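Okay, structure first, notes after.
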Amino acid sequence: MSLTKRIAFGAAASWFSRAVTILLALLLMPVLFRRLGKEELGVWLLLGQSWAALGIFDLGFGVTLTRRIAFAKGKSGSEPNTPLMPETLAEIADLVATGRRVYHVLSLFALVFSFGAGFFYLRSLDLSAVSLSHVWLAWGALCLSQACGVWARVWTCVLQGVGYIGWDAILASLINALTLAVQIVLVLFGGGLVSLAVVAAAGALAQRFVILNFARHKRPDLFAIHGNWRSHIAKGMAPLALRAWLTALGASMVLYTDQILIAARSGATGIPAYRAAFVLVHNLTVVAVALGLASGVFISHLWQAGELRQVRRIVERNARLGWLIMLTGAACLLVIGEPLFSLWLGPGNFVGYAILAAFLVTEILDTQSQIITSASRATEDEAFAISAVTGGCLKLLLSWWLATMFGLLGIALGTTIALLLTNHWYMVYRGLGRLRISLREYTREILVPCLLTFPVMLGALAGFRRLLSQLPVIIQLAAVSSLALALFALAAWRLVLEPSQRSRVGRSLGFAPG
C-alpha cells in the first residue's frame, strides 16, 4: 500500500470513527435533553467532559513513545507488515517493556489524583435535584476506567508506531457505538448518572482489551520477545514527554474548563445548550484534522530519511483540506444554526449566533494550528509547551473576567482572545519554520485561496435558504447541507487534489477533467 493510501486509510478510519460517534451522539443528546432534568443533564456533561480531560494523565508519554517506536520501525522499512530486523525487534521490545512500567505508575497516579481532585470540587456543587452520592458513584466509575485506560495505552502506541494507523480508531468506533447505544436504551428506560457512567467505563475497558488482542494478532513477533526495562530510555524520553504533556495540559485547560466556569457562576443548568453547540463545532475540527494526525508517523519516517519535499507536500495538502472543511462547516452553521439546534435538541436550546461564531473562529484557527504542529512534532520538535500553557492560563483568566460582563458569550470570547494571543500565531510560525515552509508561500498558496471560498459559500448558502424559506424546516436543512457538500467538493477538487489525482478520479468517473 502506498504512503498516500496509508495516510488516507488512517484519516478515513478517523472519519469513520468520528461519524459513528457523532451519529449516535446526535441520537443520545436529544434523549438526554428530554429524559433528564436540567440539573442532572448539566452534571452528566460536567462529569463526562472532566473525564475526557483525564487523558492528560498520560503525561505526554504516549506521543513520545509512539514516535520512538516509529523511528525504530523505520530502520526496517516503512511498510507495516515488513519483517523486523533482530536489532529493531529488540529495540521495540525494550521500548514496550519500559513503556509498560511507566504506564503502571501513571495509571495509579491517575486514579488517586483524579478521584481526589473530584472530591474537593464536586462536594462544592450546589445541587437540589441530584443526589451527591450518585455523583460520587458516577465519578468513581469514570476515574477507575480512565486509570485502566492509561494502564493499557502502551498497546495503542505499539500499533501506531509500527504503522497500523487507523485500526485503533476503527476498533474504538465499534466499541463506542455499542456503548452509546446501550446508554440510549438505559436513559429511555429511566437510567441516570450512575448507569451512564458505568456503561461509559465498561466501554473504555472493552476498548483497551480489544486493541491489545488486535495488536497480538497483527504483530505476534512483538509479543514473542520479552524486552527489558531500560532506565536510559525512560530518562531520554522524559524531557520530551514533559513538554508534550504541558502542551496537552494547555489544550485541556482550553477544551474542558468552560463547563467548570459555567457551573461555578450560574450552576449546572447553564451547561447543556452551551456544551452542545461547542461539541458540534468541535466535531468539525476532529474531522478536519484527521488527515493531519494520521500523517504523523509517516512524516517521522520521511523526516528521518531526509525527504523534506514529500513532508511539505503532505502538510500543504492537509492544511488545505482542513481549512476547506472548517470554512464549509462554518458557512453552513451560520446559515442554518438556529433551526438545526431547534430540530435537534428542541426549541430554546440554541446558544445564539454570537457564541456560535466565537466557537467557529476558535476552532477554525485551532484546526490550522493542529495540522501544522502535528507535523512539526512528528519531527520530534516539542516546542509548544510554553505557548499552550500560557494560552490555557490566559483563557481561564479572560473567560472568568469577561463572563462578569457578557455571561456565556464572555466565556467563549475568553477562549478566542487567549488563543489568538498565543497558540494561533506561535504554533503556525514555529511549525512552518521547522518544516521549512515560508510564511509568504503558505499565505499565497494555501491561506488566501482557501479564505476566498468562504464568502462565496456563505453568500450562496444564505441565498439558497432564502429561496426555500416557504418550505418545511427539515427540507431547508437538507437542501442547504447538500449544497454545502457540493461546494466543498468543488473547492477540494481544485485546491486539494493534485492534477494527477484529478486525472485518475476523472477517468474513474468517465470524463477527462480540465
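Being among the hydrophobic types (A, V, I, L, M, F, W, C) and at pLDDT below 80 is the requirement here; does ALA152 meet it? So ALA152 passes the test. When segment 263-305 is filtered for residues that are β-branched (Val, Ile, Thr) and part of a helix (DSSP H, G or I), the ones remaining, listed by number, are THR269, ILE271, VAL279, VAL281, THR285, VAL286, VAL287, VAL297, ILE299. Being touching a Leu at 6+ places or on another chain (Cβ under 7 Å), under 26 Å from LEU308 (Cβ atoms) and surrounded by fewer than 17 Cβ atoms within 10 Å (Cβ to Cβ) is a description that applies to ARG436. Out of GLY414, GLY410, GLY392, one residue alone is within 29 Å of CYS157 (Cα to Cα), crowded, with 18+ Cβ neighbours inside 10 Å and not β-branched (Val, Ile, Thr). It is GLY392.
The lone criterion from (1) over 29 Å from LEU125 (Cα atoms); (2) at pLDDT 90 or above left unmet by ALA290 is number (2).
Applying the selection to segment 278-314, what residues are β-branched (Val, Ile, Thr) and under 19 Å from ALA491 (Cβ atoms)?
Result: THR285, VAL287, VAL289.
For (1) aromatic (Phe, Trp, Tyr); (2) modelled with pLDDT under 95; (3) crowded, with 16+ Cβ neighbours inside 10 Å; (4) within 21 Å of ASP366 (Cα to Cα), each residue gets a yes or a no:
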position	(1), (2), (3), (4)
LEU308	no, yes, no, no
ARG313	no, yes, no, yes
ASN318	no, yes, yes, yes
TRP323	yes, no, yes, yes
GLY329	no, no, yes, yes
PHE341	yes, yes, yes, no
PRO347	no, yes, no, no
ILE355	no, no, yes, yes
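Counting only helices (runs of 4 or more DSSP H) that fall entirely inside segment 333-430 and contain at least 2 residues that are over 22 Å from the mean Cα position of the chain (by Cα) and aromatic (Phe, Trp, Tyr), the qualifying elements are 385-406.
The values are calculated or read from the model by the stated rules, or taken from the named source; none is laboratory data. The structure displayed is predicted, hence computed values, not measured ones. Cβ sites come from the backbone with ideal geometry, for glycine too, and all protein chains shown count toward neighbours.
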